[in-house]
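A quick write-up on the structure given underneath.
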Amino acid sequence: MKIAIPDDNGQVNQHFGQSRSFSIIEIDNGNQVVGINTVSASGLQHQHEGIADFLKNQDVEVVIVGGIGQGAISGLESRGLKVLFGAAGPVKDAAEAFAEGKFVSKRTVCSHHGEHQQHNHGCGHS
């Protein structure tokens, strides 16, 4: 199975739509992380369908995010990708928690549309 996590220098990017790269993590049948590959998504920021297609083409099944807007959720889910919410900290830690069945999804949906502005309103990012 492959999962994707928006990456910001090894940390979960708390603003999904601004992510310039994603860690694509492969998990084997024994629930072990067996590979992490960071791929560039430069130029796809705030392009909900573009990001969704990009991740689907990487054979991703699950996307683990920090903060994310409803448009991005809809884009991912319309491509058959499962979205889990509330990740923070190192990408590797979130991936291992998911692999071990310990990741608890906490739905964090951003309702704003001024994504290019600084904000702090409980989305899990600022």
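The values are calculated or read from the model by the stated rules, or taken from the named source; none is laboratory data. Keep in mind it's a predicted model, so treat the numbers as computed, not measured. Here the Cβ is made from the backbone with ideal geometry for all residues, glycine too, and neighbour counts use every protein chain on show. Areas reflect the complete protein model, heavy atoms only, side chains present, ligands, DNA and RNA absent. Shrake-Rupley method; radii C 1.70, N 1.55, O 1.52, S 1.80 Å.
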* To do: Being touching a residue at least 12 places away in the same chain (Cβ under 8 Å) and not hydroxyl-bearing (Ser, Thr, Tyr) is the filter here, so list the residues in region 29-41 that pass it.
  => Asn31, Gln32, Val33, Ile36, Asn37, Val39, Ala41
* Considering Gly71, Gly67, Gly17, which residue is farther than 21 Å from Pro90 by Cα and either touching a residue at least 60 places away in the same chain (Cβ under 8 Å) or not polar (S, T, N, Q) (or both)? -> Gly71
* Yes or no: Gln117 open to solvent by 60 Å² or more (accessible area, probe 1.4 Å), modelled with pLDDT under 95 and either under 22 Å from Asn9 (Cα atoms) or within 13 Å of the chain's Cα centre (by Cα) (or both)? -> yes
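Of all residues being among the small types (Gly, Ala, Ser) and surrounded by 12 or more Cβ atoms within 10 Å (Cβ to Cβ) in region 1-34, which is nearest to Gly75 (Cα to Cα)? Just the residue, please.
We begin by selecting, within region 1-34, every residue among the small types (Gly, Ala, Ser); these are 4, 10, 17, 19, 21, 23, 30.
Subset that is surrounded by 12 or more Cβ atoms within 10 Å (Cβ to Cβ): 4, 10, 17, 19, 21, 23.
Details: Ala4: 15, Gly10: 24, Gly17: 11, Ser19: 15, Ser21: 17, Ser23: 19 Å.
For region 1-34, the residue satisfying everything is Gly17.
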* Can you give me the number of residues within region 53-91 that are over 13 Å from Ile24 (Cβ atoms) and open to solvent by 40 Å² or more (accessible area, probe 1.4 Å)? => 10
* Of all strands (runs of 3 or more DSSP E) completely enclosed by region 1-88, which ones contain at least 1 residues that are charged (D, E, K, R)? -> 2-8, 21-27, 82-84
